[in-house]
Every structure is written in C-alpha cells, then in structure tokens.
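Notes to accompany the following structure.
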C-alpha cells in the first residue's frame, strides 16, 4: 500500500511540475465533476487551461487566482453559470465555453479587456450583457445556437471585431411559428464594425439589415443569411452591394488560386432566395 501511495504522490508531483514548467494544463476527457483543486494551487504559473469534455457544473470563484491565464477552454461540460469575478483574469485572450448550459453572462465579462476570441455557442443565453461593448480587442464572437432574440446596441463598440457568428439553430427556425427565439434585426451600431469581414446569421428571422451596412463595413467579405425572410432582391438593392460582391469574389478567387479546398456551401455564402 505504501508503494502505491508513493507512486501516486510521485505521479501527482510530476504532473504538477510539468504544468508549472509549461504553463499548460490539459485535462480533456478526464471525467471531472469538480474543478481540480491542484490547478488552483498553481496560481500564477498557468497560461492555458483546457478542461474540455468533462462533467463540470460550476467554476469556482478561486479561478481568479490564475491571474496570468491567457487561454481558457471549458467546452462540452454542463456548466450552468460563471463566477462573477471572472473579470479578474485580465490577461485572458481566448475563451471557449461552447456546449454548456449557461443562461447568462455576468456584466463582469466586460472587464476582460484583452479578450480576442470568445466562443459560447450551444448554450441557453437569452441576451448578451451591454458590457460586451467594452471588449475592444475582440476579433471573434461566436454566440450561435443560443436563445438570443437580439444583439445589444453596445456590440458596435467592439471595434476590432472581424467575425460575428450568431446563427440560430435549425430546430428553432422550424419552430418559428410556435415560439419566437430568433434574432429579428441587427442593431444599427453594427455599422461601426469597420474591421468586420464575416457576418453569419443563418436560421434566424432577419427581415432586413441596416441600410448602410455594406457602405460602412468596407472590410466585409461574407454575409450568410440562409433561412431568413430577407430576400436576395432586397440585399442586391442595398447601397454598396457591388463593392461587397467584388470583395466576396476576390476572397474566393484567392482561395481557388491558392488551391484551398472549400466546400460547395462555402462558395454559396450569401442570402437565400
């Protein structure tokens, strides 16, 4: 028994030493039901924490001890809520919370001013906090497959945003006449996103988009609005459509010239008839 205990202790010590030296803690598919305490003991050493595909329900308040954390991956768990002091992770750049049961993002999310990529698809969000506009370095925001009915006006303050994904689920689209859980329109402030390259709003209830979107968002190369009421004719009549179409074609021409493999769907990005 003593030998076994010694081996377990050595194994834990070795693991802790490796985590401390690399700054990377990867515990995917580890059948965890609670947040591992030994990770919290590493405090300033951790830069990447990956707890994908476990059974975590809660994230402890003590996660704020990981003050140098830059990448937090908690996808595919059963997390229902986030700690309010998550905003203390001031060096966080990349956070993935996909496929959980999160119903609300705390206002403190707006304190993550260095955040560049936020993916929280496949949850139960009904709205986004207004403080999301404080994320001025955010380049990717993926809030697809939630229960969002609108995007906040403050999203127009995410000036670095290049890719915005807010697709509804196909199931929600089919239930349109039963229960409204789809995005109807975009806030006019989205026209402030001058670096935006890709906008995906498939499977929603969008009937029109801000009239100056194509003229103000001069970097826009892709708009995907499949399964929305908006018509191709409406889209083609918008100011700036020809310039948008030129950018879109140029993007795909470059991909083809570079022999990049793309699907037929990739070539069909745009507005459904």
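None of the figures in this text is laboratory data; all of them are computed from the coordinates on show. Everything numeric here is computed off the predicted structure, so don't read it as measured data. All Cβ positions, glycine included, derive from the backbone under ideal geometry; neighbour counts span all protein chains shown.
Details
- Semi-axes of the equivalent ellipsoid for region 2-267, Cα gyration tensor, largest first, Å: 39, 20, 18
- Counted by neighbouring Cβ atoms within 10 Å, the residues 48, 34 run from fewest to most as 34, 48.
- Nearest-0.05 FRET efficiency for residue 85 and residue 16, computed from C-beta distance (R0 30 Å): 0.80
- In this simple spin-label model, placing a label point 7 Å from the Cα along the Cα-to-Cβ direction at both residue 68 and residue 124 gives a separation of 3.7 nm.
- The mean sequence distance of close C-alpha pairs (under 8 Å, at least 6 residues apart), as a share of the length of region 2-267, puts its relative contact order at 9 percent.
- Net lengthening on full extension, residue 243/residue 113 (0.36 nm per residue, minus Cα-Cα): 43.5 nm
- Take the Cβ atoms of residue 195 and residue 253, set R0 to 25 Å, and the FRET efficiency comes out at 0.70.
- Put the Cα centre of region 226-255 next to the Cα centre of region 71-94 and the gap is 36 Å.
- Difference of contour (0.36 nm per residue) and Cα-Cα distance, residue 30 to residue 101: 23.6 nm
- Counted residue by residue at 0.36 nm each, then reduced by the alpha carbon distance between them, the extension gain from residue 185 to residue 61 reaches 41.0 nm.
- Translational D in µm²/s for region 54-192 (Stokes-Einstein at 10 °C, 1.306 mPa s, Kirkwood Rh from C-alpha pairs): 104 µm²/s
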